[in-house]
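Step one of this worksheet: look at the structure below.
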Amino acid sequence: MQRTDRALILRRFAYGETSLVVHVLSPSFGRVHLLAKGAYRPSSRYYAVLDLFDTLELEWSHAPGRELDTLRAGDLVRRRRGITDDLARYRAALAALELAALAAQEGQPLRGLFAALELALDRLAAGAFPPSLVLGGFELEFLAELGLAPALDRCAACGRSAPPATSPRASSVFSPGAGGRLCRRCAEAARASGRRMFGVPTRTLELAAELARGGPTALVERISAQDLEKVRAFVVRFLEYHLESRPKSYRHAVGLARSAGYATP
Ligand SMILES: [Zn+2]
């Protein structure tokens, strides 16, 4: 059965002397594992096409029950050279791919996630936003695509909208298990039932809510480097709660979350 679709490479491994195994994300088929025979031969139909971060158009043969499908042809749709020019962009792009790889399942269409990943890679290649702002925005979109978007500007338990920060030091109660922020009354009930909670600066939650709604454009002009670090540390901590295995690229960010010193109320 021949299949054709757009694709982004999630991971690649050498296979034998001249071949590659690539794991790709395709909007219609989800995760696809492909054997690219002779990928390193200049005569190959996809020589120098199978690079990370680029949008590809691939054609492959699918055989139900086989571990690897066979790549037949590949074309480059969009090259994103700007990503490898800069270490911070490169790391952010790798982290976005790793996150997508954790969610992608075979045979499960992921059109929203594919579009979000392409947009994040475009933004990283263009370099108009700080890489961590792009990655933070992607992480929030990722959570939303998986139905895990945290409640940031309302109470996760009763749904009432949360009051705005009254001072820069204001702190709010956040419970990953409850799905987000908790109002004072619901936090008391949750505490009595032994739920895990921690305090997050209300300002951080407000900025994360803006990032979730409007993407990096909403914040780029006015977020400080320090606030951006806090937003990312918070989002990573929430992601960590939901992810079964911790992606390698997140180790550094997780360290940041710890050093940001979120206290358990
Ligand atoms: Zn409540």
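Some observations on this one:
- GLU221 fulfils the conditions (1) in a loop (DSSP other than H, G, I, E, B); (2) surrounded by 14 or more Cβ atoms within 10 Å (Cβ to Cβ) except for a single criterion, (2).
- Condition met for THR4 (of a type in the set (Ser, Thr, Tyr) and either surrounded by 15 or more Cβ atoms within 10 Å (Cβ to Cβ) or in a helix (DSSP H, G or I) (or both)): no
- Residues considered: GLY112, GLY180, GLY199, GLY137. Of these, the only one that is open to solvent by less than 40 Å² (accessible area, probe 1.4 Å), in contact (Cβ under 8 Å) with a residue 24 or more places away in the chain and in contact with a Gly (Cβ under 6 Å, 6 or more places away or on another chain) is GLY137.
- Region 179-193, residues that are more than 8 Å from the ligand (Cβ to nearest atom), closer than 19 Å to GLU206 by Cβ and not charged (D, E, K, R): GLY179, GLY180
- Listing of strands (runs of 3 or more DSSP E) fully contained in region 11-94 that carry 2 or more residues being within 19 Å of the chain's Cα centre (by Cα) and on the phi < 0 side of the Ramachandran plot: 19-26, 30-36
- Residue in region 116-130 that is modelled with pLDDT of 95 or more, within 16 Å of the ligand (Cβ to nearest atom) and outside any loop (DSSP other than H, G, I, E, B) present: no
- For SER167, the stated conditions do not hold, so it cannot be described as assigned to a helix (DSSP H, G or I), open to solvent by 30 Å² or more (accessible area, probe 1.4 Å) and of a type in the set (S, T, N, Q).
- Test: residue in region 89-110 that is over 30 Å from GLU240 (Cβ atoms) and hydroxyl-bearing (Ser, Thr, Tyr): no
- Some residue of region 85-93 being closer than 20 Å to SER26 by Cβ and among the small types (Gly, Ala, Ser): yes
- In region 27-73, the residues that are open to solvent by 60 Å² or more (accessible area, probe 1.4 Å), of a type outside the set (S, T, N, Q) and more than 30 Å from ARG123 (Cβ to Cβ): LYS37, TYR40, ARG41, PRO42, ARG45, PRO64, GLY65, ARG66, GLU67, ARG72
- Meets criteria (over 15 Å from SER26 (Cα atoms) and within 16 Å of the ligand (Cβ to nearest atom)) for ALA162: yes
The values are calculated or read from the model by the stated rules, or taken from the named source; none is laboratory data. The shown structure was predicted, so the numbers you read here are calculated from the model rather than taken from an experiment. We place every Cβ from the backbone using ideal geometry, glycine too, and count neighbours over all the protein chains shown. Accessible surface areas use protein heavy atoms only, side chains included; no ligands, DNA or RNA. Shrake-Rupley method; radii C 1.70, N 1.55, O 1.52, S 1.80 Å.
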